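Down below is the structure, laid out as structure tokens.
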Amino acid sequence: MAVIADRCSEIQVTVVDLNAERIAAWNDPDLSKLPVYEPGLDAVLGRCRGRNLHFSTAVDAAIASADMVFLSVNTPTKTKGLGAGQASDLRWIEASARQVAACARGHTIVVEKSTLPVRTAAVIQQILDSEKGGKSFSVLSNPEFLAEGTAITDLENPDRVLIGGEDPEAIEALAGIYGHWVAPEQILRTNLWSSELSKLTANAFLAQRISSINSIAAFCEATGADVREVAKAIGMDSRIGPKFLQAGPGFGGSCFQKDILNLVYLCRHYGLEEVAAYWEQVVALNTWQQHRIARLVVTKLFGTVTGKRLAVLGFAFKANTNDTRESPAIRICRDLLEEGAQLAIVDPKVPAAQIAKDLGQAPSAQASDGGGGGGAQGGWQLARSAVEAAAGADAVLLLTEWAEFGELDWEGVAAVMRKPAWLFDARATADGSAARAAGLNVWVQGQG
Ligand code: UDX
């Protein structure tokens with residue numbers, strides 16, 4: 001919405017939420033305190049907040065005065081009831097649709113921005129159409145393909161914009177907004193169901209590439225091949241392409257797992273068991289990859305990490321974001337805590353409160369100095385720098401590819417660690433030869 005406001009100065013954009021604290025944070029004069037860390041977002045807000053971009057809790061009034069309403073609410077995986085663990089929870093979508101139905105005036109275009117199961121638009125349309133009193137609605141699907149950390153550039157230069165719908169006038173109204181900065185041939189128009197399914201399919205294909213390269217990474221480690229050489233060799237085949245072939249600790253983020261599980265659920269619903277099983281394996285491989293990394297850390301450290309201090313570099317699901325949803329670091333750290341490890345975690349953007357929530361345990365009061373002297377209970381603490389985290393540690397685990405971890409002075413890090421010391425580079429972004437030269441044992445993803 002910020003980018004739309006930035007590019008279309010004649011359009012008034014009002015972002016509304018029931019959560020007053022969150023809206024207040026978006027209105028904070030200090031642009032370094034925005035609730036979402038996203039490179040370049042502060043500059044966009046600096047240009048248009050208060051001009052034609054507003055943040056408000058007056059939901060009903062904003063709906064009443066809007067020509068177009070974007071539904072951008074959460075659709076997490078259901079945790080209980082029918083479809084638990086796989087189906088999307090649509091309660092917030094339904095609640096928003098009801099609120100739009102109640103408050104809208106005249107004709108309103110309702111755009112599905114949240115990623116939704118196929119045919120959700122029909123549900124929204126039904127709810128809207130049940131409202132009487134001279135109101136009318138057109139429902140469009142306009143899935144978002146931006147990736148976190150590069151959201152602003154992805155929005156400013158999208159590969160394509162996808163608009164699904166049945167009402168040509170509504171489609172052109174939305175296309176007209178994107179037309180302010182996106183070339184006409186990049187604005188695709190499809191039917192509603194194709195648009196909804198394209199989003200799930202794009203995420204499933206992207207995640208599948210990551211599971212594919214991670215499966216080959218494990219095989220490379222077993223055979224002496226190097227996954228980065230393999231990725232380069234296959235990526236030069238123009239039919240395969242070089243992107244999304246970076247082996248790592250598995251994919252995280254709010255979308256991939258949720259959307260694939262949703263696809264799996266829908267396939268089963270339509271009786272396509274083999275198709276469901278095929279996509280389910282992409283998630284299974286991802287989970288396995290995360291457990292595999294925790295297991296190999298334990299194995300290399302003489303079969304036990306109980307009471308040992310381990311430095312964890314990075315907790316966000318990828319670099320340049322403070323988002324930890326489904327971060328591979330969560331499962332890996334939980335496995336190591338289960339083994340009784342003392343973790344010293346450092347991440348440039350993730351606060352301690354978030355880590356505590358994700359790990360299901362508060363930080364320990366006292367810093368363990370490692371040395372095997374701690375109790376059998378695993379614990380964790382936040383560290384301010386990689387060197388602080390590494391002090392007294394038996395191993396450093398690189399889990400998120402923040403640029404600063406690629407530039408570490410390994411002499412300095414090795415000097416404060418207990419020997420024999422290890423670097424486990426799950427992202428293959430550290431300077432492995434410098435770490436080796438500093439006397440560390442080094443394991444690199446896809447290389448062994
Ligand atoms: C993704 C899709 O890219 C985006 O189009 C969609 O709108 C939302 O989901 P996002 O989750 O923000 O975006 O990040 P992305 O860059 O796709 O990375 C997802 C995960 O895959 C991260 O954990 C990342 O570290 C991992 N990844 C990505 C790899 O392990 N290897 C790669 O080569 C690429």
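The values are calculated or read from the model by the stated rules, or taken from the named source; none is laboratory data. Owing to the predicted nature of the structure, the values given are computational and were not obtained by experimental measurement. Cβ coordinates were reconstructed from backbone atoms using ideal geometry, including for glycine residues, and neighbour counts include every protein chain displayed. The accessibility values were calculated without ligands, DNA or RNA, using every heavy atom of the protein model including side chains. Shrake-Rupley method; radii C 1.70, N 1.55, O 1.52, S 1.80 Å.
Structural remarks
- Listed by chain and number, the lysines whose C-alpha is less than 23 Å from the C-alpha of K33, apart from same-chain residues fewer than 8 away, are K318, K349, K357.
- A simple count of charges around E131, restricted to other residues whose Cβ falls under 12 Å of its Cβ and scoring Lys, Arg +1 and Asp, Glu -1, yields +3.
- For T108, residues with placed amide H under 5 Å, excluding near neighbours: S136, F137, S138
- Helix 120-129 and the longest principal axis of the Cα set of the chain meet at an angle near 40°.
- For T400, T287, the ranking by accessible surface with the largest value first comes to T287, T400, using a 1.4 Å probe.
- Computed over protein heavy atoms with a 1.4 angstrom probe, the accessible surface ordering of S130, S364, S88, largest first, is S130, S364, S88.
- Efficiency of FRET between L188 and N441 - r from beta-carbon atoms, R0 56 angstrom, step 0.05: 0.65
- Acute angle (nearest 10 degrees) that the helix 273-300 long axis makes with the longest principal axis of the chain, alpha-carbon atoms: 30 degrees
- Electrostatic bookkeeping for V264 treats Lys and Arg as +1 and Asp and Glu as -1; over the other residues with beta carbon under 14 Å from its beta carbon, the sum is -1.
- Rolling a 1.4 Å probe over the protein heavy atoms gives segment 59-106 an accessible area of 52 Å² per residue.
- Ranking I293, I216 by solvent-accessible area of protein heavy atoms (1.4 Å probe, all protein chains present), from largest to smallest, gives I216, I293.
- Restriction of the trypsin sites (Lys or Arg not before Pro) in segment 105-183 to DSSP coil positions whose beta-carbon has at most 10 other beta-carbons within 10 angstrom yields K132.
- Counted residue by residue at 0.36 nm each, then reduced by the alpha carbon distance between them, the extension gain from E273 to I11 reaches 89.7 nm.
- Computed magnitude of the charge dipole of segment 93-164 (debye, nearest 20; Cβ of K, R +1, Cβ of D, E -1): 460 debye
- In the chain, the sites counted are GluC sites (Glu not before Pro) in DSSP loop states with at most 14 other Cβ atoms within 10 Å, and the longest stretch holding none of them, exclusive of the sites, is 167-406.
- C-alpha long axis of helix 328-338 to longest principal axis of the chain, angle in °: 50 degrees
- Applying 1/(1 + (r/R0)^6) with r as the Cβ-Cβ distance of V36 and K232 and R0 = 22 angstrom yields a FRET efficiency of 0.05.
- Note on A122 and N74: their simple-model spin labels are 2.8 nm apart, each label 7 Å out from Cα toward Cβ.
- Annotation for segment 226-322: trypsin sites (Lys or Arg not before Pro) lying in DSSP loop with at most 14 further Cβ atoms inside 10 Å of their Cβ are R239, K243.
- With both labels modelled 7 Å from their Cα along Cα-to-Cβ, the A352 to S130 distance reads 4.8 nm.
- Pairs of C-alpha atoms in the chain farther apart than 31 Å represent 48 percent of all such pairs.
- Listed residue (W288, N322, P348) projecting farthest to the positive dipole end of segment 288-444, Cβ model: W288
- Solvent exposure of H180, expressed as accessible area, is near 90 Å², computed with a probe of 1.4 Å over the protein chains only.
- Unit charges on C-beta of K, R, D, E only; dipole of the chain, Debye: 760 debye
- Spin-label model, V416/R98: points 7 Å from Cα along the beta carbon direction are separated by 5.4 nm.
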